[in-house]
């Protein structure tokens with residue numbers, strides 16, 4: 001880890017620094033040498049994952065039961081300057097390649113019927129320049145790596161969504177579209193903002209909704225109040241009900257919330273989690289799963305009103321992280337992947353229930369620039385053992401093991 005020089009304060013100094021310090025990394029600031037743009041993959045498909053076989057043959061004249069599915073969700077993808085430099089090295093001097101960083105969790109992600117990430121930053125123009133903290137502009141090759149890893153959709157609502165204004169937002173969604181990765185939480189048009197992101201998994205239609213607590217003080221683009229979905233209890237519930245009306249069997253809400261560097265869920269997370277999971281229509285919950293990001297460190301999983309809430313996934317990719325005290329904090333490179341198995345309803349119109357809930361501990365090794373699946377790591381490395389146990393204690397800190405949460409591989 002090199003010594004850190006704090007970057008100059010940008011235009012919205014007080015608000016940006018207070019809200020974004022937790023996204024800073026060790027080492028000096030500055031841009032990264034531009035690289036050649038990656039080739040553009042085929043247009044996105046509306047189908048995510050491959051439905052598993054039902055395992056039974058329906059009787060003649062009967063309708064087969066819909067297949068269940070597994071959903072995997074992960075935390076913040078936060079390409080600091082050091083991450084961008086690593087991707088340039090991994091590309092061998094020809095653009096940027098982020099796929100090797102994620103290879104350690106590809107098996108978990110790609111085997112899921114539906115995999116959701118959190119793309120915290122926006123993308124710069126093809127060819128650069130690219131920057132890390134405090135105003136991120138990431139290479140668009142991140143999107144191709146997410147697709148190659150097996151991600152189907154990403155939440156794009158965060159406090160950094162407007163780091164490069166409406167242009168950065170549009171570039172990001174355009175790049176995800178080219179890579180074939182769906183997205184939720186930000187939009188280029190009012191029509192796009194009004195449509196829920198609907199994905200297929202097993203025999204279900206899954207809606208992904210996404211929201212952020214703030215945009216680091218940057219105002220919404222003039223005339224585009226719909227550009228970023230801001231977190232509001234009433235709006236989330238209304239959107240969830242609209243997604244049901246649009247055909248969603250399962251509604252997943254991605255929320256960028258909480259207090260950075262705080263292991264415990266804060267008061268707003270707890271109260272909003274209770275309110276959202278208590279909301280019902282026709283005796284059926286409006287929301288089936290809540291996935292939280294932003295704190296940069298793992299936070300607890302909890303079953304609230306019968307619905308799983310992940311308060312904080314932690315970071316999936318990030319440089320050596322600097323906390324609010326200005327010190328390197330290794331927790332900033334720890335995280336989890338949540339894996340939830342959904343079973344079809346027992347009766348028509350019923351709820352798709354989570355039949356199995358798992359967390360897979362992960363760690364981003366900044367020395368090698370690689371994600372490590374700690375759930376599968378059986379190498380006896382004392383670092384892996386210690387980090388895995390730290391994550392386990394945090395994740396189970398609100399008693400999720402009593403509701404059946406287990407550690408997966």
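The figures follow:
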quantity: Relative exposure of 288, 239, 174, 379, judged by other C-beta atoms within 10 Å (fewest first); calculated: 379, 174, 239, 288
quantity: Hydrodynamic radius of segment 249-302 per Kirkwood, over alpha carbon pairs, in Å; calculated: 11.9
quantity: Prolate/oblate/rounded call for segment 138-280, Cα gyration tensor, a/c under 1.5 rounded; calculated: rounded
quantity: Sorted by Cβ neighbour density within 10 Å, fewest at the top, the residues 131, 205, 189; calculated: 189, 205, 131
quantity: Contour excess over end-to-end distance, with Cα ends at residue 191 and residue 107 and 0.36 nm allotted per residue; calculated: 26.7 nm
quantity: For segment 270-326 and segment 178-231, distance of Cα centres in Å; calculated: 18
quantity: Residues 313, 407, sorted so that the one with the fewest Cβ neighbours within 10 Å comes first; calculated: 407, 313
quantity: Counting DSSP beta bridges with both ends in segment 66-407, the antiparallel % (nearest 5); calculated: 50
quantity: Between helix 165-179 and the chain: long-axis angle, C-alpha atoms, 0 to 90°, nearest 10; calculated: 60
quantity: Global form of segment 64-134, assessed from the alpha-carbon gyration tensor, a/c cut-off 1.5; calculated: prolate
quantity: Förster-model FRET efficiency, 41 Å R0, residue 324 and residue 89, C-beta, rounded to 0.05; calculated: 0.85
quantity: Paramagnetic reach from residue 386 (point 7 Å along Cα→Cβ, amide N under 18 Å) across segment 285-326; calculated: 298, 320-321
quantity: Length-normalised contact order for the chain - Cα pairs under 8 Å, 6+ apart - percent; calculated: 17
quantity: Segment 97-120 versus segment 328-362: alpha-carbon centroid distance in Å; calculated: 15
quantity: Cα-based helix-to-principal-axis angle, 382-395 vs the chain, degrees rounded to 10; calculated: 50
quantity: Cα long-axis angle, helix 233-245 against the chain (0 to 90 degrees, to the nearest 10); calculated: 50
quantity: Descending semi-axes in whole angstrom, ellipsoid equivalent of the chain, from the Cα gyration tensor; calculated: 32, 23, 22
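Just so you know, all these numbers are worked out from the coordinates, no wet-lab data involved. None of these values were measured; they are calculated from a predicted model. Quick reminder, even Gly has a Cβ in these numbers, built from the backbone with ideal geometry, and neighbours come from all protein chains shown.
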